[in-house]
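Q: Please see the structure below; I have some questions.
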Amino acid sequence: DLRDSPVVILPKPSPKAIESRLFINNEFIPSVSGKRFDVISPITEAVSASVYEAGVEDVELAVQAAKAALPAWSERNATERAHFLNKWADALEAAAEEMAYLDAISMGKPAYPDRLAPMVPIIVRFFAAKALDITGESSLNSAGFMNVSLRQPYGVCAAITPWNAPVMMMVYKVSAALITGNTLVLKSSEKSPLSSLVAARCAREAGFPPGVLNVLSGFGRPCGEALARHMEIRKISFTGSTATGKAIQKCAAESNLKSVSLELGGKSPLVIFEDADLAKAIPASTMSILMNSGQVCNAITRVYVHESLAEAFIEGVKGAMSAMGASANPLHEGTMRGPQADRLQFERVLAYLDLAKQSGIRIAHGGNREASPGYYVEPTILVDVPEDSRLVKEEIFGPVLIVNRFSEENDALNRANDSEYGLYASVFTRDLSRAIRVAKRLEAGSVGVNCTSPVLAMDMPFGGWKSSGQGREFSRYATDYWTELKSVYFAI
Ligand code: NAD
């Protein structure tokens, strides 16, 4: 069984080599209180590392470091900032295996796909290349005036990241914040703090001036909340759950009304019409719900399939799930599906599966814990789930696909849109007019036509409608997101 085998494909750092301190002013230092917390491996259920926990005093140190670094950093040529980012990308590339290893032992993300698709340095270089595009507008439309608008940094900013793609989430925020001239304090997730500390070390290797980037490991309370309430932080960018996004918004409103950008949860629908190509829809839906063990914000979780194709679709997804084989140790070459990130996440998913069983819902595949030890859950298909069930309404964040059937387009779209979330949606059809009509009607920040969530492009804006968030992270809008606008009027 791959889960039990001791073979590890990546070089294992010695426990001493795992950085456990906070990164402030280019130094790794213990927290002021000396408090630590344990990171638990979802593979073994044993302690992977013990990490210093940032408290309110550490937030203060980090904010003051970022404040001291701000004038010099924001006054540099944008191309100089790009130079630092490009050097950071090189260092991150060299540390890719180390970070993949640390994520695997913290939150179970398969290390192998990360090695095949080195997205992290690509993201950093994308933002470095944007350096000279951070511009405003000019106008001669008012008689006697030439007017210009300027894009300027907010100043000291904060970022709070989730655990499901720790380094990727980090570099999106850091790269866009820094290229636009801000300095930053980032809090990683308490479930996966280790790889973010390696990325911080890479920033120091790349020659970032002290204080430009500061990285804290800690919990939502007190650390995250202290950032959200801090009077000297002018912008906060958050990725995580909708409930936490609302809490951060409230802290911002109660303190200095800092600008808040939110990338939140989802419950993404897929509508499969009677003319769809099932040979494409089946693997696309299966990949979407099983990637990262279903712990992806824009994963397809609710399928509305035309009644004429429903049983063929369910059989097809069952076959595709079985063909992927059992979940396995995320450190092994070839593992595509590891455990859930931690005990909390694991028990949450199992509680939803219990609810399905208690409600008498048809479980076409899976429905149970997959192995022990480790937080492994079977890929699961739930069929004909009532629309008002918590299983349809709430984000499960596990490998659980809901398949409901429909007979009429309007009904399918009403049900697809009947959600507080609006992050992502897909449609499969061979009818071009219908594809356009449906893409227009789906209430989501991104829509896939004949494709699902693994397909995203960095030059397209990414973010949520409704309770899935506000602000856009990829594309040119990502740098807009980190700048304030100023209009300057020149009388001539
Ligand atoms: P979470 O909201 O529990 O935690 C996210 C981060 O917020 C963590 O760093 C946590 O410590 C911090 N936090 C918690 N409470 C806080 C508070 N009161 N104040 C400030 N910070 C606080 O979410 P999670 O479980 O880490 O991540 C999973 C969620 O993230 C899912 O809902 C998923 O859909 C969402 N997500 C969204 C995207 C996106 O781009 N839209 C991407 C990945 C994950």
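The values are calculated or read from the model by the stated rules, or taken from the named source; none is laboratory data. In this text, all values refer to a predicted model and were calculated from it rather than measured experimentally. Note that each Cβ is placed from the backbone with ideal geometry, even for glycine, and that neighbours are counted across all protein chains shown.
Q: Kindly indicate which of E205, E190 is acidic (D, E) and either within 15 Å of the ligand (Cβ to nearest atom) or closer than 12 Å to V63 by Cα (or both). Quick ask: steps written out before the conclusion?
A: Values: E205 fails: either within 15 Å of the ligand (Cβ to nearest atom) or closer than 12 Å to V63 by Cα (or both).
Within the list E205, E190, the selection yields E190.
Q: So in segment 219-248, with the set limited to residues that are out of contact with any strand residue (DSSP E or B) (no Cβ under 6 Å at 6 or more places or on another chain) and of a type in the set (K, R), which one is farthest from the ligand (Cβ to nearest atom)?
A: R234
Q: In segment 250-267, which residue that is more than 10 Å from the ligand (Cβ to nearest atom) and assigned to a helix (DSSP H, G or I) is nearest to M170 (Cα to Cα)? Give the steps one after another, and end with the answer.
A: The initial filter retains those residues of segment 250-267 that are more than 10 Å from the ligand (Cβ to nearest atom), namely 252-261.
Next, from what is left, pick out any that are assigned to a helix (DSSP H, G or I): 252-254.
Details: A252: 21, A253: 25, E254: 26 Å.
The residue in question is A252.
Listed here are the residues, each with its yes/no results for (1) within 15 Å of Q64 (Cα to Cα); (2) surrounded by fewer than 18 Cβ atoms within 10 Å (Cβ to Cβ); (3) polar (S, T, N, Q).
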| residue | (1), (2), (3) |
| --- | --- |
| S195 | no, no, yes |
| V212 | yes, no, no |
| V215 | yes, no, no |
| G218 | no, no, no |
| H230 | yes, no, no |
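Q: Using beta carbons and a limit of 6 Å, which pairs, at least six apart or on different chains, have the first residue in segment 147-176 and within 29 Å of P330 (Cβ to Cβ) and touching a residue at least 40 places away in the same chain (Cβ under 8 Å) and the second one within 9 Å of the ligand (Cβ to nearest atom) and hydrophobic (A, V, I, L, M, F, W, C)?
A: Correct list of pairs: I160/F238; T161/M169; W163/A341.
Q: Does F346 satisfy being under 22 Å from S407 (Cα atoms) and part of a helix (DSSP H, G or I)?
A: Details: under 22 Å from S407 (Cα atoms): no; part of a helix (DSSP H, G or I): yes.
No: the conditions fail for F346.
Q: If only one of V303, V383 is buried (at least 23 other Cβ atoms within 10 Å of the Cβ), more than 16 Å from the ligand (Cβ to nearest atom) and either at pLDDT 95 or above or more than 12 Å from V400 (Cβ to Cβ) (or both), which one is it?
A: Details: V383 fails: buried (at least 23 other Cβ atoms within 10 Å of the Cβ).
From the options V303, V383, the qualifying one is V303.
Q: Would you be able to say whether some residue in segment 56-63 is in contact with a Lys or Arg (Cβ under 8 Å, 6 or more places away or on another chain), surrounded by 16 or more Cβ atoms within 10 Å (Cβ to Cβ) and either free of Cβ contacts under 8 Å to residues at least 60 places away in the same chain or more than 28 Å from Q345 (Cα to Cα) (or both)? Step through it out loud before you land on a result.
A: Taking segment 56-63 as the starting set, the residues that turn out to be in contact with a Lys or Arg (Cβ under 8 Å, 6 or more places away or on another chain) are none.
Within segment 56-63 (the criterion being in contact with a Lys or Arg (Cβ under 8 Å, 6 or more places away or on another chain), surrounded by 16 or more Cβ atoms within 10 Å (Cβ to Cβ) and either free of Cβ contacts under 8 Å to residues at least 60 places away in the same chain or more than 28 Å from Q345 (Cα to Cα) (or both)), the answer is no, since none of the residues qualifies.
Q: Which of the residues spanning segment 112-146 are touching a residue at least 24 places away in the same chain (Cβ under 8 Å) and among the β-branched types (V, I, T)?
A: V120, I122, I123, V124, I134
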